[in-house]
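S.K.: One structure, pasted below without further comment.
Coordinate-derived values only; no laboratory data. Note that this is a predicted model, so its numbers are computed, not measured. No Cβ is skipped: glycine too gets one built from the backbone with ideal geometry, and neighbour counts run over all protein chains shown.
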Amino acid sequence: MYRYDEIDQRIVDERVSQFRDQTRRHLAGELSEDDFRPLRLQNGLYIQRYAPMLRVAIPYGLVSSAQLRRLAHIARAYDKGYAHFSTRQNVQFNWPRLDEVPEILAELAEVQMHAIQTSGNCIRNTTTDHFAGVARDEIVDSFVWCELIRQWSTLHPEFAYLPRKFKIAVSGSAADRAATWVHDIGLHARRSAEGDGAEQGAGVDGAEQGAVGFRVIVGGGLGRTPIVGHAIREFLPWRHLLTYLEAILRVYNRYGRRDNKYKARIKILVKELTPAVFAHKVEEEWSHLKGGPATLIEEEVRRIEGRFTRPAYARLPPRDAFLEAMLAADKAFANWHRRNVHPHKVPGYAAVTLSLKRTGAAPGDVSAAQMDAIAGLAERYSSGELRVSHEQNLIFADVRASDLHALWREIKPLGLAAPNIGLLTNIIACPGGDFCSLANAKTIPVAEAIQRRFDDLDYLHDIGELDLNISGCMNSCGHHHIGHIGILGVDKQGEEFYQISIGGAQGADASLGKVIGPAFARERVPEVIEKLIEVYLAERESEEERFIDAVRRIGIEPFKDYVYGTNHQTPRRNSRQLAVA
Amino acid sequence: MARIIKHRAVIQDNWQLLEQESGGSLPSDGDVVVPLELWMRERDTLSSRLGHIGVWLQTDADPSTIAQDLARFEVIAVRFASFTDGRGYTLARLLRERHGYRGELRAIGDVLRDQLCYLSRCGFDAFALRADQNPEQALSAFDDFAEAYQATVERPEPLFRRRLQPDPQRKAA
Ligand code: SF4
């Protein structure tokens, strides 16, 4: 965990006082709703369909046991006993009372948490890889860079009223687990190779071989105009990170469209100017800022690094005999281990995903009791902290291999051991029509119906890796464009319909899904998904070929034909018999 | 313009603001803030008249168009059609930091108490608040936050550099 120092704490405390005063003036009629709205949004407070919704920041997804207990307490004392983890590594309360929000914020500040810039047209919470700091393919610990960006973006006086919201994602590893290609800015840590400096005219900027820097991607995004971003700089030496971000934001703040909120994101500006012209404007702006006082210094990077607590790793053998015995003896445990346990850079340790995707529970929802229990488990098994993934699950990053079986036994009764990470039922869904006033359609019952249809574990494992994402409207909070299968709620003459796309993906080979055809009524969705899966299982060349690979190889036509019945044949069965057959 | 905030105090203000549509009918003397277009058109006449001169800009103005003239203005005002128009914040920084403008920089239009802190960090030092705002009550807004992480016009060094300086004044503040 990053621990606040006095100044960090004071800034958060002062924000609470400021917001308390703003709320007081609003309730006293001194601050009109129009004047108050942008202020409350900058503090995560929406007024939506049934009640206010308060979004609390979990900077880069990292949260401690003490903080989680506080969230549980808030869920109990001010809400209906549960909270919702979003795809943005935030946590949301759906039923707080407006006049109590300042109190909630004060309670959060006591555990170094806040709701600053969790909504509104400003720089939002910076997100990253949920395996930061423990991944084997790590280049840098992205938490450190995210915290630097958090401080820089917190209450930034120039960028509080941007044309639209602004989201930055950082990946510190070779594999991109932070969806950096579909953010307003994506940063990929890299080590400079020979020539990086010269090529970019970086010259004396410390781009010596092996130095840390970032590939800078701009203008990606989902929403109603999904676009994969453009790399405008292949290597930005780390010292220049903040001045360069400042230059991008400044160009966006000046020239981004403000006349139409659907055209106001940076991706539209980049597209309208063309990436090359946009990049040129940024470089021009940067030429004035480069080397200025906001240029990062090594002392600061080290200071931030030093304020993170680190687990004290024991020296453990790389293989654990007890674990191996359990894996051999217990099939259910082995299944869970296969899906939900991930490699760790320190021998004898593993990272574990606690699934919030048990059938029947709304994706991302956790009860206060679960939060308390999870906080306790994190203390006992994983150095008292955990991460929220953008797949709306929780990660224990530092579990000893020898503890895995015990941990699994404890989380089973809590409903957190669904062995479905990376599988079809690990559905990502936004809150949708049950909570969100912008929704065209509900998402939670759709997720549940799909989970029920695919409740056969062997079948699920046979289908293999598959990301399924659901959004309740074009705002795409459920990231349906980058789901291997994406489901989007649409409105057809006042009725809830669902449009289905396939072929989207996140990560290094990110792509946007293609719509297969006209939308379906809700009852038909599980059956359509099943048909898509049938085509895949029949067409795949081997078990290694994932759903997404098959779509890429054969295109969407065979899927379309089968689903819409232009081809009434059941797909031909391939080489092997299916587990369900 | 009547009572405005300047340098964190409420003062009586005697500048006249000339609207765009006034068609250039200039009061013969006295201090006047003219629209940018008028300045561009009648720079010389304006410079030769009695009284001080200022110019006001829309938030989308390009500051480089007046970069050569800055020394001639006592006041530059930026008019916010809405307080959520963030361009005015960047414009202020560019005037101060890029073009070195040192005179009064005034926020006018939809300017409210709750934006004063950020506006002043971006280089505004005078504020003609929206008519329904109480300037005395707004003064406390400047102290909403004691510190800022970023490099700002008020404090050109970002916090991370200032932390390294053993500056007794900062501790006392
Ligand atoms: S995608 Fe639409 S329905 Fe879902 S949370 Fe976002 S705005 Fe609401």
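S.K.: For chain B, with only Lys/Arg (+1) and Asp/Glu (-1) charged at the beta-carbon, what is the dipole magnitude about the Cα centre, in debye rounded to 20?
M.R.: In debye, rounded to 20, chain B gives about 760.
S.K.: Using a 10 Å cut-off around each Cβ of peptide B:76-88, what is the average number of partner chain Cβ atoms that fall inside?
M.R.: If you average over the peptide's residues, the count of other-chain Cβ atoms is 4.
S.K.: What whole-number volume per residue, in cubic angstrom, does the convex hull of the C-alpha atoms of segment B:3-164 give?
M.R.: Spelled out: Cα convex hull of segment B:3-164, divided by residues, is 114 Å³.
S.K.: Along each of its three principal axes, how wide is the spread of alpha-carbon positions in the protein assembly as shown, in whole angstrom units, largest first?
M.R.: 95, 61, 60
S.K.: Measuring from the lowest to the highest alpha carbon on each principal axis, how far does segment A:6-109 reach, largest first, in angstroms?
M.R.: Principal extents (largest minus smallest coordinate, Cα): 39, 37, 24 Å.
S.K.: How much length is gained if the chain between A:L273 and A:T566 is pulled fully straight, taking 0.36 nm per residue apart and subtracting their Cα-Cα distance, in nm to one decimal?
M.R.: 101.3 nm
S.K.: Calculate the radius of gyration of the Cα atoms of segment A:321-411 to one decimal place, then report Dmax, the largest Cα-Cα distance, as a whole number, both in Å.
M.R.: Radius of gyration, then largest Cα-Cα span, for segment A:321-411: 12.9, 37 Å.
S.K.: Rounded to the nearest 0.05, what FRET efficiency do A:E100 and B:E136 have when you use their Cβ-Cβ distance and R0 = 35 Å?
M.R.: Efficiency for this residue pair is about 0.70.
S.K.: Within 9 Å, Cβ to Cβ, of A:E158, how many net charges do the neighbouring residues add up to if Lys/Arg are +1 and Asp/Glu are -1?
M.R.: +2
S.K.: Out of all DSSP beta bridges in segment A:127-306, what portion is antiparallel? Express it as a percent rounded to 5.
M.R.: 70 percent
S.K.: Right, another one. Please give every one of the aspartates and glutamates within straight-line cross-link reach of A:K267, meaning a C-alpha to C-alpha distance under 12 Å, and leave out same-chain neighbours fewer than 8 residues apart.
M.R.: Qualifying aspartates and glutamates at Cα under 12 Å: A:D184.
S.K.: Okay, moving on. For B:Q165 and A:D458, what does the FRET efficiency come to when R0 = 56 Å and r is the distance between their Cβ atoms, rounded to the nearest 0.05?
M.R.: Once rounded, the FRET efficiency stands at 0.30.
S.K.: Subtract the Cα-Cα distance of A:D509 and A:D330 from 0.36 nm times their separation in residues, and report this length gain in nm to one decimal.
M.R.: 60.9 nm
S.K.: Same structure, new question: Is any residue of segment A:209-226 close enough, with backbone N under 13 Å, to a label point placed 7 angstrom from the Cα of A:A193 along the Cα-Cβ axis, and if so, which?
M.R.: Inside the label zone: A:210.
S.K.: Can you compute the modelled spin-label distance between B:S47 and A:A175, with each label point 7 Å from Cα toward Cβ, in nm?
M.R.: 6.6 nm
S.K.: Quick one: if you stick a label point 7 Å off each Cα along the C-beta vector at A:L27 and B:Q12, how many nm between them?
M.R.: Spacing of the two 7 Å Cα→Cβ label points: 4.1 nm.
S.K.: Related question: Of A:I421, A:S389, A:V366, which is farthest on the positive side of the dipole of segment A:354-436, counting Cα position, with +1 on Lys and Arg Cβ, -1 on Asp and Glu Cβ, and the Cα centre as origin?
M.R.: A:I421
S.K.: Related question: So, in nm, how far is label A:E530 from label A:E110 when the simple model puts each one 7 Å beyond its Cα toward the Cβ?
M.R.: The two pseudo-label positions are separated by 5.1 nm.
S.K.: Can I ask one more? Give the peptides A:153-163, A:370-380 in descending order of average Cβ contacts within 10 Å, highest first.
M.R.: In descending order of packing, they fall as A:153-163, A:370-380.
S.K.: Answer with one residue from A:S86, A:H26, A:L54: the one whose Cα lies farthest towards the positive end of the charge dipole of segment A:6-109, charges on Cβ with Lys, Arg +1 and Asp, Glu -1.
M.R.: A:S86
S.K.: As a check on your grasp of the helix formula, calculate [θ] at 222 nm for chain B: sum -39500 (n - 2.57) over DSSP H runs of n ≥ 4, divide by the residue count, round to the nearest 500.
M.R.: Counting only the DSSP helices, I get -5500 deg cm²/dmol.
S.K.: For segment A:127-306, what is the charge dipole size about the Cα centre, in debye to the nearest 20, if Lys and Arg each add +1 at the Cβ and Asp and Glu each add -1 at the Cβ?
M.R.: Computed about the Cα centre, the dipole is about 1140 debye.
S.K.: Taking +1 at the Cβ of each Lys and Arg and -1 at the Cβ of each Asp and Glu, which of A:C477, A:H156, A:W408 sits farthest along the dipole of the protein assembly as shown towards its positive end, judged by Cα position relative to the Cα centre?
M.R.: Most positive-ward Cα: A:W408.
S.K.: For chain A, which cysteines have no disulfide-compatible partner, meaning no other cysteine Cβ under 4.7 Å?
M.R.: Those would be A:C122, A:C146, A:C436, A:C473, since no other cysteine Cβ in chain A comes under 4.7 Å of theirs.
S.K.: Is it possible to state the helix-based mean residue ellipticity at 222 nm for chain A, with each DSSP H run of 4+ residues giving -39500 (n - 2.57), the sum divided by total residues, to the nearest 500 deg cm²/dmol? What is it?
M.R.: Calculated from helices alone, the mean residue ellipticity at 222 nm is -11000 deg cm²/dmol.
S.K.: May I pose another question? How big is the charge dipole of the protein assembly as shown about its Cα centre, in debye rounded to the nearest 20, if each Lys and Arg gets +1 on its Cβ and each Asp and Glu gets -1 on its Cβ?
M.R.: Result for the protein assembly as shown is approximately 560 debye, rounded to the nearest 20.
S.K.: Ignore the peptide's own chain and count Cβ atoms of other chains within 10 Å of each Cβ in A:156-169; give me the average, rounded.
M.R.: Average per residue, whole number: 5.
S.K.: Give the cross-link partners of A:K263 among the lysines, using a straight C-alpha distance below 27 Å as the criterion and excluding same-chain residues fewer than 8 apart.
M.R.: Output for A:K263: A:K165, A:K167, A:K271, A:K281, A:K442, A:K492, A:K514.
S.K.: Project the alpha carbons of segment A:127-306 onto their principal axes and report the range along each, largest first, in whole Å.
M.R.: Largest first, segment A:127-306 extends 43, 34, 31 Å along its Cα principal axes.
S.K.: Please give the FRET efficiency for A:E523 paired with A:L438, using the beta carbon to beta carbon distance and R0 = 25 Å, rounded to the nearest 0.05.
M.R.: Calculated value: 0.60.
S.K.: Something else about it: Taking a virtual spin label 7 Å from the Cα of A:K261 along the C-beta vector, which residues in segment A:149-188 bring their backbone nitrogen under 13 Å of it?
M.R.: Answer for this model: A:163-165.
S.K.: Provide a whole-number value for the mean count of partner chain Cβ atoms within 10 Å of the Cβ atoms in peptide B:146-158.
M.R.: If you average over the peptide's residues, the count of other-chain Cβ atoms is 6.
S.K.: Can I ask one more? Which residues in segment A:1-30 place their backbone N less than 11 Å from a point set 7 Å from the Cα of A:A66 along the Cα-to-Cβ direction?
M.R.: It comes to A:3-4, nothing else.
S.K.: Once the Cα gyration tensor of segment A:380-517 is found, what semi-axes does its equivalent ellipsoid get, as square roots of 5 times the eigenvalues, in whole Å, sorted largest first?
M.R.: Semi-axes (√(5λ), whole Å): 30, 16, 15.
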